[in-house]
Amino acid sequence: MDANGTKTTSVREISLGEVKDLVGQEVGISDWITVSQDMIDRFADATQDHQFIHTDPVRAAAETPYGGTIAHGFLSLSLLSAMNYNCLPAVREQTMAINYGFDKVRFLAPVHSGARVRGHFTLTEARFRGAGMLVVTYEVSVEVEHEGKPALTATWLTIIQFDPKDRPEDA
């Protein structure tokens, strides 16, 4: 169980050589994460973004079409890290992973305070770079429970670093 009381999955382990075989496949769906008002408030404190649509439930209910507060888009985006660790295969030879950035991010629907979200990850590219790096690209969507549209979609690049001696010979 995680801090939200959600059952966590066990992540499978794969080798560097198996990563390319997964291109084009959905490689993970994370467990649900509850986006509580406390989480939203702590994110507002960390980013110094205290806009009332995020932090004032009474005013947000009265003055917005959302009926209450909503999470920051960047909060929803930042949860991708936790979702990633929760569901993507672990690469056995990996020594470190680095967030390389995003080619595209779109915020499509609000995440209301109290909503549950989860990530869907499709591996779209895996290319070796240098002697000890594998750049992987995911198409990601963050689903909001009981909503028709995802909260966001993104093209996310990460780098898997490994000891060059572990590089597959056919790479």
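Tabulated data for the structure shown
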| read-out | value |
| --- | --- |
| Unique match (being of a type in the set (D, E, K, R), closer than 23 Å to residue 14 by Cα and in a strand (DSSP E or B)) among 127, 106 | 127 |
| Segment 84-111 residues that are at negative phi, paired with ones that are exposed (fewer than 15 other Cβ atoms within 10 Å of the Cβ) and small (Gly, Ala, Ser) (beta carbon under 9 Å, 6 or more apart) | 91/15; 92/15; 93/15; 99/81; 109/148 |
| Residue identified as open to solvent by 60 Å² or more (accessible area, probe 1.4 Å) and in contact with a strand residue (DSSP E or B) (Cβ under 8 Å, 6 or more places away or on another chain) among 138, 85, 100 | 100 |
| Conditions (1) touching a helix residue (DSSP H, G or I) at 6+ places or on another chain (Cβ under 7 Å); (2) aliphatic (A, V, I, L, M); (3) within 23 Å of residue 156 (Cα to Cα); (4) open to solvent by 20 Å² or more (accessible area, probe 1.4 Å); number of the one not met by residue 53 | (3) |
| Criterion: surrounded by fewer than 16 Cβ atoms within 10 Å (Cβ to Cβ) and over 30 Å from residue 45 (Cα atoms) - qualifying residue of 92, 167 | 92 |
| All positions within segment 143-165 that are under 20 Å from residue 74 (Cα atoms), of a type in the set (A, V, I, L, M, F, W, C) and over 12 Å from the mean Cα position of the chain (by Cα) | 144 |
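Here's the yes/no breakdown for (1) more than 14 Å from residue 20 (Cβ to Cβ); (2) of a type in the set (A, V, I, L, M, F, W, C); (3) touching a His at 6+ places or on another chain (Cβ under 8 Å):
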site	(1), (2), (3)
122	yes, no, no
126	no, yes, no
129	no, no, no
134	no, yes, no
139	yes, no, no
147	yes, no, no
154	yes, yes, no
160	no, yes, no
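The values are calculated or read from the model by the stated rules, or taken from the named source; none is laboratory data. Only a predicted model underlies this, so the values are computations on that prediction, with no experimental measurement involved. Because the Cβ atoms are built from the backbone with ideal geometry, glycine has one as well, and the counts that use them run over all protein chains shown. Surface areas here come from the heavy atoms of the whole protein model, side chains and all, with no ligands, DNA or RNA. Shrake-Rupley method; radii C 1.70, N 1.55, O 1.52, S 1.80 Å.
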